[in-house]
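Reviewing the structure listed below.
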Amino acid sequence: MKPIYLDNNATTAVAPEVREAMLPFLEEFYGNPSSMHTFGGQVHRKVEDARAQVAALIGADPGEIIFTSCGSESDNTALMSSLESFPARKHVITTRVEHPAVLNFAKHLGRKGYRITYISVDSFGRLDMDAFKKSLDDNVAVVSIMHANNETGVVFPIAEIGAILKERGILFHTDAVQTVGKIAINLKELPVDMLSLSGHKLHAPKGIGALYVRKGTRFYPYLIGGHQERGRRAGTENVPYIIALGKACEIALENISNEGEYVGRLRDKLEKALLASCPDTRINGDTVNRLPNTTNISFEYVEGEAILLRIDRHGICASSGSACTSGALEPSHVLRAMGVPFTAIHGSVRFSLSRYNTEAEIDKVIEALPPIIKELRTLSPFGRDKLPGCSVSA
Amino acid sequence: MWEYTDKVKDLFLNPKNVGEIENPDAVGEVGSLTCGDALKLMLKIDKETGKIQDAKFQTFGCASAIASSSALTELIKGKTLEEARKITNQEIADYLGGLPDEKMHCSVMGQEALEAAIASYRGEEVAAEPHEKIVCRCFNISEEKIRRVAIENHLTTVEEITNFTKAGGGCGGCIPDIEAILKDVWAVKEAPKPKEPKKLTNLQKIALIQDVLEREIRPKLQADGGDLELLDIEGNRVVIALRAMCVSCPMGGVTVQGIEAKLKELVSADIVVESR
């Protein structure tokens with residue numbers, strides 16, 4: 001059975017064109033781009049082509065792109081580079097809802113003696129801009145605020161944030177892993193100094209990412225060694241995956257407006273149908289400023305892992321913020337920061353779509369899910385009196 | 001994805017004994033919506049023989065919670081209350097062919113529901129007495145429960161305690177307390193050595209104060225969203241500034257007293273802490 005894959009914020013399928021483009025570099029073109037001979041040199045040119053493709057998607061100059069191994073490496077590099085650039089500044093500002101690649105790194109810095117400010121969000125997952133403005137001081141080395149949240153899809157106003165920081169001369173890094181390829185980004189206009197992206201969220205393979213560093217920004221490498229990436233990231237280039245990321249960015253640029261509209265329509269259909277057929281169900285997060293592909297829905301009185309394993313039998317793939325699905329038994333830090341009640345966090349399910357989803361797949365989910373919620377609710381000791389369960393006919 | 005046994009998967013997808021018993025002889029309820037799992041166990045008991053004639057459950061929780069509830073009802077049906085009472089959480093886990101470490105708390109929940117049901121049948125005081133000291137506030141876990149589960153299952157690390165009881169799995173603020181409980185449970189009791197007062201050089205004292213603040217104080221404040229900064233040390237006068245959540249916290253004064261007490265204990269009895 002082909003899975004109905006609605007977990008694209010976790011990872012995506014490698015696009016067939018991407019696979020096609022990278023395969024020669026696992027076969028005949030295995031040369032080292034740093035070599036003097038033609039055999040290696042031709043690979044170097046392809047790497048530079050890929051760099052231009054990545055730059056084009058986000059409105060950057062190719063020289064502003066550094067290839068990394070993943071989004072986490074990009075995030076860690078950006079933060080460390082900022083601290084090394086401004087050694088006298090001991091204050092870092094981020095948010096309570098960041099991806100662990102930033103959040104846990106910030107906590108690590110906190111243990112090293114840095115002062116960390118975690119900006120809160122409201123019940124819709126929107127950033128507290130007043131608190132953000134008040135937190136700024138002359139001791140800030142870097143502000144790292146994600147472009148869109150991976151769990152709720154809520155998009156933060158990074159243009160506004162960037163403008164404020166630019167005026168104050170404070171470095172601004174954004175983790176755009178969830179937005180690159182999903183919504184248009186133009187760094188010619190967007191006042192961002194550093195931006196992280198990850199290949200496997202936009203139909204390239206896992207194990208490749210990039211960090212955008214605006215020309216003129218002070219930069220210190222995180223991985224030290226050879227002269228690769230013009231001395232900004234040591235280690236022999238992961239050529240096949242760099243080619244793959246380039247191709248994936250090229251395809252994303254071609255499709256970005258149509259694709260957003262297409263997945264947005266499917267997402268809205270799914271969301272409306274589930275809310276209509278299941279009582280005591282709510283959407284988590286701001287539905288106005290949101291990625292077109294993401295919806296985070298809480299089904300009260302049932303537990304997320306139980307939902308996931310039941311829909312898994314129908315081949316439906318999604319994820320949950322429930323404590324039981326995380327290794328640490330800790331419910332989603334994002335939903336907790338939003339003040340979502342524990343009961344709703346445990347029953348939260350995130351559906352994230354991609355261009356490869358079809359209307360027929362969405363219809364199947366709309367058909368399969370309500371009876372599962374109904375059945376799990378009959379199993380549950382809670383909410384029985386007021387809950388009719390889900391209407392299966394919807 | 002969790003590695004569930006076929007038995008767990010089967011009892012999750014096709015749970016046995018789901019539902020309610022009309023006029024049950026005994027009911028045991030444990031857990032809550034907030035905790036992320038809860039179990040209501042209902043029993044029909046033969047007054048003559050003391051045997052459990054029927055058992056049914058309702059569970060809010062993950063696959064292993066539902067499977068553990070199902071396993072529990074299968075295990076106890078037909079047994080006398082005395083026999084049933086001897087069932088341990090390990091037996092529930094064994095019936096399921098094992099549970100992932102992180103999910104052992106589901107089997108503990110089953111055992112507790114049974115205990116609560118038997119207690120209610122006998123008219124005994126139901127668990128969760130108000131006098132119990134709550135260690136983990138996220139999941140409402142008492143010190144008594146941590147001690148009991150640690151001893152019954154030979155648990156020696158905080159991680160194991162979290163797996164079996166969930167305590168410490170939320171904000172993590174109680175992890176030092178759990179460590180202390182474990183130390184106490186498994187320690188070979190020995191009389192505390194009287195402290196030998198030792199004369200520290202200024203340099204040693206400053207280093208020790210910094211060390212205590214970094215290792216003992218700041219992690220606890222940070223767990224509650226607070227922080228502090230060490231501004232200066234002059235002789236025995238330690239000047240700090242409260243940061244982050246501590247700034248607006250009405251308990252700030254108490255926090256400073258607590259820091260002073262800790263420094264008096266670990267560095268020198270003459271320490272005075274001032275906050276700016």
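Among residues of the stretch A:246-263 that are under 15 Å from A:I208 (Cβ atoms), none has a Cβ under 6 angstrom from a residue that is modelled with pLDDT under 95 and surrounded by 20 or more Cβ atoms within 10 Å (Cβ to Cβ) at a sequence gap of 6+ or on a separate chain.
For the stretch A:75-94, filtered to residues that are in contact with a helix residue (DSSP H, G or I) (Cβ under 8 Å, 6 or more places away or on another chain) and crowded, with 20+ Cβ neighbours inside 10 Å, the residue that is nearest to A:M338 (Cα to Cα) is A:T94. The lone criterion from (1) of a type outside the set (A, V, I, L, M, F, W, C); (2) over 22 Å from A:P3 (Cβ atoms); (3) surrounded by fewer than 22 Cβ atoms within 10 Å (Cβ to Cβ); (4) in contact with a Gly (Cβ under 7 Å, 6 or more places away or on another chain) left unmet by A:S298 is number (3). For the stretch B:50-64, filtering for residues that are within 14 Å of chain A (Cβ to nearest Cβ) and closer than 14 Å to B:L114 by Cα leaves 4. Residue by residue through the stretch A:271-305, note down the ones that are in a loop (DSSP other than H, G, I, E, B) and hydrophobic (A, V, I, L, M, F, W, C). Passing the criteria: A:C278, A:V288, A:L291, A:V302.
The residues of the stretch B:10-39 that are under 17 Å from A:E375 (Cβ atoms) and either touching a strand residue (DSSP E or B) at 6+ places or on another chain (Cβ under 7 Å) or surrounded by 17 or more Cβ atoms within 10 Å (Cβ to Cβ) (or both), listed by number, are B:L11, B:F12, B:P15, B:N17, B:V18, B:G19, B:E20. Taking the stretch B:166-183 as the range and being more than 10 Å from chain A (Cβ to nearest Cβ) and at pLDDT below 85 as the test, only B:G173 passes. Could you look through the stretch A:85-96, keep only residues that are touching a Lys or Arg at 6+ places or on another chain (Cβ under 8 Å) and in a strand (DSSP E or B), and pick out the one that is nearest to the other protein chains (Cβ to nearest Cβ)? Only one residue fits best here, namely A:H91. Selection of the stretch A:258-286 for residues being out of contact with any Gly (no Cβ under 9 Å at 6 or more places or on another chain) and either at positive phi or among the β-branched types (V, I, T) (or both) yields A:V263, A:I283. Taking the options A:S277, A:S298, name whichever one is within 14 Å of chain B (Cβ to nearest Cβ) and polar (S, T, N, Q). Every option except A:S298 fails the conditions.
Beta carbons closer than 8 Å, at least 6 apart along the sequence or on distinct chains, pair a first residue in the stretch B:205-230 that is more than 12 Å from chain A (Cβ to nearest Cβ) and charged (D, E, K, R) with a second that is assigned to a strand (DSSP E or B) and surrounded by fewer than 19 Cβ atoms within 10 Å (Cβ to Cβ) for B:K205/B:I233.
Filter the stretch B:206-236 down to residues that are among the small types (G, A, S) and part of a helix (DSSP H, G or I) and give me whichever is surrounded by the fewest Cβ atoms within 10 Å (Cβ to Cβ). Only one residue tops the list, namely B:A207. Of all residues in the stretch A:306-329, which are surrounded by 20 or more Cβ atoms within 10 Å (Cβ to Cβ) and either at pLDDT below 90 or not in a helix (DSSP H, G or I) (or both)? Residues satisfying the conditions are A:I316, A:A318, A:S319, A:S320, A:G321, A:S322, A:A323, A:C324, A:T325, A:L329.
Checked against (1) in contact (Cβ under 8 Å) with a residue 40 or more places away in the chain; (2) more than 14 Å from chain A (Cβ to nearest Cβ); (3) farther than 30 Å from A:L308 by Cα, B:K47 meets all criteria but (1). Apart from one condition, B:N89 fits all of (1) within 13 Å of chain A (Cβ to nearest Cβ); (2) crowded, with 16+ Cβ neighbours inside 10 Å; (3) polar (S, T, N, Q); the exception is (1).
When restricted to residues that are part of a loop (DSSP other than H, G, I, E, B), within 14 Å of chain B (Cβ to nearest Cβ) and at pLDDT 90 or above, the stretch A:340-381 contains 2.
Somewhere in the stretch B:13-28, is a residue within 8 Å of chain A (Cβ to nearest Cβ), at negative phi and assigned to a helix (DSSP H, G or I)? Yes, the stretch B:13-28 contains a residue that is within 8 Å of chain A (Cβ to nearest Cβ), at negative phi and assigned to a helix (DSSP H, G or I). All of B:G78, B:G98, B:G123 fail the test of being at pLDDT 90 or above, part of a loop (DSSP other than H, G, I, E, B) and over 24 Å from B:K166 (Cα atoms), apart from B:G78. Filter the stretch A:97-134 for residues that are in a helix (DSSP H, G or I), within 14 Å of chain B (Cβ to nearest Cβ) and without any contact (Cβ under 8 Å) to a residue 12 or more places away in the chain and give the result. Of everything in the stretch A:97-134, those that are in a helix (DSSP H, G or I), within 14 Å of chain B (Cβ to nearest Cβ) and without any contact (Cβ under 8 Å) to a residue 12 or more places away in the chain turn out to be A:N104, A:K107, A:H108, A:G110, A:R111, A:K134.
Checking the stated criteria, B:G172 turns out to be surrounded by 14 or more Cβ atoms within 10 Å (Cβ to Cβ) and assigned to a loop (DSSP other than H, G, I, E, B).
The values are calculated or read from the model by the stated rules, or taken from the named source; none is laboratory data. Being a predicted model, the structure only gives us computed values, none of them experimental. We place every Cβ from the backbone using ideal geometry, glycine too, and count neighbours over all the protein chains shown.
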